[in-house]
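Working notes for the structure below.
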Amino acid sequence: MIELDKLGRWVTPTAEQSYDGRDCALYALAHGVGGDPLDRRQLDYAALPVKRMFPTMPLAIANADRALEHGNTGVDYSRTVLGEQSVVIHRPLPIAAMLRCEGGFHDVVDQGEGRNATIRLVRRLYQGSDPQPLATMVAGYVALGQGGFGGPGPDPASSPALPDRAPDTEISIATLPQAALLYDLTGDYVPFHVDPDLARAMGFERPILHGICTVGLAARAAMMAGCEDPRSLSVRLGAAVYPGDVLRFSIWRDTGGLILRADVPARGAVVIRSALASA
């Protein structure tokens, strides 16, 4: 069982990572950027020399959240999936740098005995001795069937409703059949995303796309809808995405930015329940 006191004191081990323009390009390519070789905007992200970092790449830098697996908090990490993710860019990140990541427990939602719990961990990226973070990220991990440990219950106000009107625009994004293989190369290596036997053992017909890569697809859709280089993005995930899926994004323009929802019409699956992007 999850031990609330220990979880509340969890501090993620500090991690450092160096990266350069090649890493930036690979990250963008994993999200299908560069599919149009005549689109100079896409080439800025995906072709060397890289001129711009894709907005959600901070999520792939020095991510040590998986250390919770060995954190002695009672969380069964093998039964957790990414349910939500936010990223806020405070200042533009350099194309090449050595960054440091610090973080830990943010908050938890306990849905009750035999039900799920959502554990949120916060991460902040720093460069050198500068005490001001470049980016702040909060990941919400759904601990499947691990609720009932006395944590706070859900806040109904924390789940914003989609607008009660037709979307202002729709955008389709075709994921690459090899997207999971490419995303693995960004440093987020999870075997069941590439191994068919492990995927089937987890209950999927074939390997699924990393949830954190799906978050990046929401950023790409927002950019295509006119929100250039979103500095703030929050995403609530739904069903799994299979590499090769075509995602249909429904997008509403709002005073706070863009509101998005994504489904896969071919499977009737809602893969992003809601997202909010702002510049």
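Here, each number is a calculation from the coordinates, and none is a lab measurement. It should be emphasised that the depicted structure is a prediction, and the values quoted were computed from it without experimental measurement. When we count neighbours, we look across all protein chains shown, and the Cβ atoms used for this are built from the backbone with ideal geometry, even at glycine.
At what distance in angstrom do the alpha carbon centres of the stretch 161-203 and the stretch 15-43 lie from each other?
Cα centres, the stretch 161-203 to the stretch 15-43: 17 Å.
Above 24 Å lies some portion of the pair distances; for the chain, what is it as a whole percent of all C-alpha pairs?
50 percent
Starting from the Cα of R200, step 7 Å along the direction of its Cβ; do the same at Q127; then give the gap between the two resulting points in nm.
Placing both labels 7 Å beyond Cα along the Cβ direction yields 4.8 nm.
Taking 0.36 nm per residue of sequence separation and subtracting the Cα-Cα distance, how much length would be gained by fully extending the chain between S172 and E113, in nm to one decimal?
Full extension of this stretch gives 17.3 nm more.
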